1. Among the residues of the range 26-58, write down those that are over 11 Å from Q6 (Cα atoms), under 11 Å from the mean Cα position of the chain (by Cα) and not aliphatic (A, V, I, L, M).
2. Within the set of pairs 6+ apart or on separate chains, which have a first residue in the range 1-25 that is closer than 18 Å to G43 by Cα, a second that is surrounded by 13 or more Cβ atoms within 10 Å (Cβ to Cβ) and among the hydroxyl-bearing types (S, T, Y), and C-beta atoms under 7 Å apart?
3. Looking at the range 23-37, can you tell me whether even one residue there is in a helix (DSSP H, G or I), among the hydroxyl-bearing types (S, T, Y) and surrounded by 14 or more Cβ atoms within 10 Å (Cβ to Cβ)?
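Since every read-out is calculated from the coordinates, none of them should be taken as a lab result. None of the values given here were measured: they were computed from a predicted structure. Counting neighbours? That spans all protein chains shown, and the Cβs are built from the backbone with ideal geometry, glycine included.
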Amino acid sequence: MSEKAQDLGGRVKEAGGALTGDDDLKNEGKVDQASASVKDKVGDAADKVKDVVNPKDK
């Protein structure tokens, strides 16, 4: 699942949990969003490392 899809799914879960009063679902949504954010940041860092290791000719 892509980071954007995971973030969106997390937002839906959080909203659903808030509407129904289901704190477990709400918290699960927050965890999904945080996980997506971490994956996105790790991917950005990996891209920067690749750019340093294999610089592109300009």
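1. K41, G43
2. Sorted first by the residue in the range 1-25, then by its partner, the pairs are Q6/S35.
3. Yes - at least one qualifying residue is present in the range 23-37.
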